[in-house]
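*Asks:* This is the structure, below, for whatever I ask next.
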Amino acid sequence: MAGAGLLESTDGGQTFTDVAFQDPDGAATIRGIAVTPGDPSSILVGDSAGFIESSTNAGLTWTVVNSPTTGINLGSVANNDGGIGSLKPRPPIPAIKAFKLTNTRFTVGSRPPRGGAFVYDLSAASTSAILFERESPGRLVHGHCLPSSKGHTSKRCTIPRLVRLSSQGRRVGGTCVARTSDNAHRKRCTLYTVAAIVRRSRAGRNSVAFSGRIGRVPLAPGRYVAVLVARIGDGPDSPPRTAAFTIVSGS
């Protein structure tokens, strides 16, 4: 795919993930790909400037294997100096070794019991994001949990839904966007964003205080599931880890 770098699919082309991505400063494009029969981790990639790179670990790292004397590199200085220049190794996927909330039942406010802290261990320094799902009631219909309605009397179930926060936005080009000084005169609208706590986290143990508020917005009483994912740079998200908790009324 032009400009997208090298992608892979493990489900017959239904979805794709990055193996290596093109350097935005390089103009050369990928022209050919070869995979060693019986060894999908061994890959050769050639570009429009005549350079070939080899990977023996499914695209995590790349080595230039030739030195062409002909061809124009379409303006990529990195390639003219030797090396494809348009492929970078895929950032590794960080591993979340543990994730918990120190207090799993609390109120939002000054009355006890109060909130605690999210504690998690990472294999590498990453950007971490904690999302929140709230369980809403549903009914099992033909094996699927659907929102409850008057016509459903089957077995109860719960449906996880991402918590979204509402704020006042401005309508620009038919879309509700965040309010800025440039669009403050536009028509008002309600902007919904996914509730999340995003942090730069270090390798090893990390702790994020949590009072039951996302910014200044308190979560309503109910049962929740916190979902933690981490990523390095532009790499893929880690497999998620979850921690359940309940917010009770303070009255």
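The values are calculated or read from the model by the stated rules, or taken from the named source; none is laboratory data. Model, not experiment: these values are computed from the prediction. Note that each Cβ is placed from the backbone with ideal geometry, even for glycine, and that neighbours are counted across all protein chains shown.
*Asks:* If you go through region 155-212, how many residues are in contact (Cβ under 8 Å) with a residue 40 or more places away in the chain, exposed (fewer than 15 other Cβ atoms within 10 Å of the Cβ), among the small types (Gly, Ala, Ser) and touching a Ser or Thr at 6+ places or on another chain (Cβ under 7 Å)?
*Replies:* Summing the residues that are in contact (Cβ under 8 Å) with a residue 40 or more places away in the chain, exposed (fewer than 15 other Cβ atoms within 10 Å of the Cβ), among the small types (Gly, Ala, Ser) and touching a Ser or Thr at 6+ places or on another chain (Cβ under 7 Å) in region 155-212 gives 1.
*Asks:* Find the residue count for region 29-56, including only residues that are surrounded by 12 or more Cβ atoms within 10 Å (Cβ to Cβ), part of a loop (DSSP other than H, G, I, E, B) and either in contact with a strand residue (DSSP E or B) (Cβ under 7 Å, 6 or more places away or on another chain) or at pLDDT 85 or above (or both).
*Replies:* Residues meeting the conditions: 4.
*Asks:* List the strands (runs of 3 or more DSSP E) inside region 114-158, counting only whole elements, that have at least 3 residues being aromatic (Phe, Trp, Tyr) and within 30 Å of Gly233 (Cβ to Cβ). Lay out the reasoning, then the answer.
*Replies:* On the way: elements: 116-122, 126-141, 144-147.
Counting at least 3 such residues, we get no strands (runs of 3 or more DSSP E) at all.
*Asks:* When only residues in region 166-210 that are closer than 30 Å to Lys100 by Cα, of a type outside the set (Lys, Arg) and assigned to a loop (DSSP other than H, G, I, E, B) count, which is modelled with the lowest pLDDT?
*Replies:* Going residue by residue through region 166-210, those that are closer than 30 Å to Lys100 by Cα are 166-167, 192-210.
Now narrow it down to the ones that are of a type outside the set (Lys, Arg): 166-167, 192-198, 201, 203-204, 206-210.
Now drop any that are not assigned to a loop (DSSP other than H, G, I, E, B), which leaves 195, 203.
On the way: Ala195: 91, Ala203: 95.
For region 166-210, the residue satisfying everything is Ala195.
*Asks:* Then there's this: For region 131-168, which positions are within 30 Å of Ile214 (Cβ to Cβ), hydrophobic (A, V, I, L, M, F, W, C) and in contact with a Cys (Cβ under 9 Å, 6 or more places away or on another chain)?
*Replies:* If the condition is that a residue be within 30 Å of Ile214 (Cβ to Cβ), hydrophobic (A, V, I, L, M, F, W, C) and in contact with a Cys (Cβ under 9 Å, 6 or more places away or on another chain), then Cys145, Leu146, Cys157, Ile159 are the ones that fit.
*Asks:* Would you check which residues across region 153-170 are within 23 Å of Val217 (Cα to Cα) and not aliphatic (A, V, I, L, M) and list them?
*Replies:* Pro160, Arg161, Arg164, Ser166, Ser167, Gln168, Gly169, Arg170, listed by residue number.
*Asks:* Return the residues of region 101-120 that are surrounded by fewer than 16 Cβ atoms within 10 Å (Cβ to Cβ) and either under 19 Å from the mean Cα position of the chain (by Cα) or more than 22 Å from Val217 (Cβ to Cβ) (or both); say none if nothing qualifies.
*Replies:* Val119
*Asks:* Applying the selection to region 104-113, what residues are out of contact with any Leu (no Cβ under 8 Å at 6 or more places or on another chain) and either of a type in the set (A, V, I, L, M, F, W, C) or in a strand (DSSP E or B) (or both)?
*Replies:* Of the residues in region 104-113, the ones out of contact with any Leu (no Cβ under 8 Å at 6 or more places or on another chain) are 104-107, 109-113.
Within region 104-113, Arg105, Phe106 meet the criteria.
*Asks:* Turning to a different aspect of this structure: Being modelled with pLDDT under 70, exposed (fewer than 13 other Cβ atoms within 10 Å of the Cβ) and at positive phi is the requirement here; does Gly3 meet it? Explain how you work it out, then say what you get.
*Replies:* Working: modelled with pLDDT under 70: yes; exposed (fewer than 13 other Cβ atoms within 10 Å of the Cβ): yes; at positive phi: yes.
For Gly3, the condition - modelled with pLDDT under 70, exposed (fewer than 13 other Cβ atoms within 10 Å of the Cβ) and at positive phi - is met.
*Asks:* Quick check: is even one residue across region 211-222 assigned by TED's automatic domain parsing to the domain that holds Thr107, more than 24 Å from Pro112 (Cα to Cα) and in a strand (DSSP E or B)? Spell out the reasoning first.
*Replies:* Going residue by residue through region 211-222, those that are assigned by TED's automatic domain parsing to the domain that holds Thr107 are 211-222.
Retained after the next criterion (residues that are more than 24 Å from Pro112 (Cα to Cα)): none.
Within region 211-222 (the criterion being assigned by TED's automatic domain parsing to the domain that holds Thr107, more than 24 Å from Pro112 (Cα to Cα) and in a strand (DSSP E or B)), the answer is no, since none of the residues qualifies.
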